[in-house]
1. Under unit Cβ charges (Lys, Arg +1; Asp, Glu -1), what dipole magnitude, rounded to 20 debye, does the stretch 256-347 have relative to its Cα centre?
2. Past the 25 Å Cα-Cα mark, which pairs from 259/350; 328/350; 267/443; 327/427; 459/512; 358/415?
3. Per 0.36 nm of contour for each residue apart, how much would the distance between residue 522 and residue 159 grow if the chain were fully extended, relative to their Cα-Cα spacing?
4. Could you tell me the relative contact order of the stretch 162-397? Use alpha-carbon pairs under 8 Å, at least six residues apart, and round to a whole percent.
5. State in Å² the accessible area per residue of the chain; use a 1.4 Å probe, count heavy atoms of protein chains only, and round to the nearest integer.
6. Under a Cβ-only charge scheme (Lys and Arg +1, Asp and Glu -1), can you give me the dipole magnitude of the stretch 351-467 about the Cα centre, in debye to the nearest 20?
7. Which listed residue (269, 342, 283) has the Cα farthest towards the positive end of the charge dipole for the stretch 162-397, taking +1 on Lys and Arg C-beta and -1 on Asp and Glu C-beta about the Cα centre?
8. Enumerate by residue number the trypsin sites (Lys or Arg not before Pro) in the stretch 138-218 meeting two conditions: DSSP loop (anything except H, G, I, E, B), and at most 12 other Cβ atoms within 10 Å of the site's Cβ.
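The values are calculated or read from the model by the stated rules, or taken from the named source; none is laboratory data. Not measured: the values here are computed from a predicted model. FYI the Cβ positions are ideal-geometry reconstructions off the backbone, even for glycines, and counts take in every protein chain you see. Surface areas here come from the heavy atoms of the whole protein model, side chains and all, with no ligands, DNA or RNA. Shrake-Rupley method; radii C 1.70, N 1.55, O 1.52, S 1.80 Å.
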Amino acid sequence: MRRLVAHKAKSLITNATVSLLNPHRQSSSPSNYCSRLARFFTSLPSDTSMASHNPLSVDSLNPKVLKCEYAVRGEIVSLAQNLQQDLKANPGSHPFEEILYCNIGNPHSLGQQPITFFREVLALCDHPTILDKSETQGLFSADSIERAWQILDQIPGSATGAYSHSQGVKGLRDTIAAGIEARDGFPADPNDIFLTDGASPGVHMMMQLLIRSETDGIFCPIPQYPLYSASIALHGGTLVPYYLDEATGWGLEISELKKQLETARQKGIAVRALVVINPGNPTGQVLAEENQREIVEFCKKEGLVLLADEVYQENVYVPEKQFHSFKKVARSMGYGDKDIPLVSFQSVSKGYYGECGKRGGYMEVTGFSPEVREQIYKVASVNLCSNISGQILASLVMSPPKVGDESYESYFAEKDGILQSLARRAKILEDGLNKLEGVTCNKAEGAMYLFPRIRLPNKAIKEAESLKKAPDAYYAARLLNATGIVVVPGSGFGQVPGTWHFRCTILPQEEKIPAIVSRLTEFHQKFMDEFRD
């Protein structure tokens, strides 16, 4: 249709032009052609006019997408990327030489090196023709070669470029189940494992299954990782908040859960599930086992699915705390597979491995009926399967080298070195933040973040409001422009109304942490002086 309209218009315009330039060559007068051309355009339907109507506008998009927000890659990060490009094009144009990304848990982008054993196995699996070459024995450890052979034997066609079962390669799920069993001391079934491209697709899958309409609610901690608010919005549900207690180190109080559950039910919201992030993101706390028991009991009593985000299970930095999976806690309480619906999420993006770009992870799904499990499998099948490299890495994370293996000593040294360094970085940042005027920061017991509270002067709050910005977003933007340090405003994670925070990762290289503290300290003092009441 559009081609026909364009052709007819072109013909009329050409004839009119020719007539105007040489009226003796045409039988019709120029005015006649112009008149016909005008009639032609006024007769066109609105959707085929020359000012063609774009079928898409923001207002015509899915409102669930418009409602969804993801703060860790939001406005501040876009500003940081623009500044980085400007620094490259115009060196010396800003009062800093580099952008320091403290906004997202992306370890390798900030200089963390991959675990050698994991990468050797991945390389051999992706290029198996070198396994038989004599040179390989000198370049790769014996146990990485042996593990690659084992994994390739489990993959259909011994090809990492082939699709797998929709839940993931069965042999790799066997390995992961064995790793879970060794960790928890309770049996794990490989048929309960769904391998995913990182933990995020598993979370989306469960939201898609649980949320039927906006009257279905999902309990989420506040502050929370924005994946949860985003996925709940995308799938049309309602986020039901429960506030963590900052005064007790971001504690989770059962009384708060009960209060918020009653409030939601009074509004006609059917709360379907409870999200718990342990260790916490963005708050960095590690739950005590007794607290976990209370949470399990609450979910059991109220008929809630327990969604346990446990992707930071390797990141625990204080000797008085240790990670316990919710499945282990539930089983130790005597609850079996049929007693409580529980989904545990794990990812290769975090821990000491930090392999964000490999997009590997899994969810362990227990306590669901066979009929519901069929629906979970159906949804997983729509995506065919998760990527094979991520599947392999997830199996390696849950089954690393053991004592006596050739790679064990180097593996353990790399792992311990990373975790010890993260603990030191967390402590330096925590101490530096707590020295700032009006700033308090709880200890980072685990995960990769600090979530300090900043008490901003009223003048700064009013200035932010005049610019239609949240006060902590205004602070973060000013911090970035002055220092090159990228943090995420607490308003992107949720917080008690009237309080302001920001999330800062502990991931920049250890030698850069003192400079970050120094820059932040200088900026903060000037900011407070500028807006002092």
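1. On the way: 13 positive and 13 negative charges, 78 e Å.
About 380 debye.
2. Numbers: 259/350 33 Å; 328/350 21 Å; 267/443 36 Å; 327/427 30 Å; 459/512 32 Å; 358/415 18 Å.
Over 25 Å Cα-Cα: 259/350; 267/443; 327/427; 459/512.
3. Values: separation 363, 0.36 × 363 = 130.68 nm, distance 5.46 nm.
Contour length minus Cα-Cα distance gives 125.2 nm.
4. Details: 438 pairs, mean separation 62.7, N = 236.
About 27 percent, as a whole number.
5. Working: 24680 Å² over 533 residues.
That works out to 46 Å² for each residue.
6. Values: 15 positive and 15 negative charges, 103 e Å.
The dipole magnitude comes to about 500 debye.
7. 269
8. Numbers: sites: 147, 170, 173, 183, 212; in loops: 212.
Of the trypsin sites (Lys or Arg not before Pro), the ones in loops of the stretch 138-218 whose Cβ has at most 12 other Cβ atoms within 10 Å are 212.
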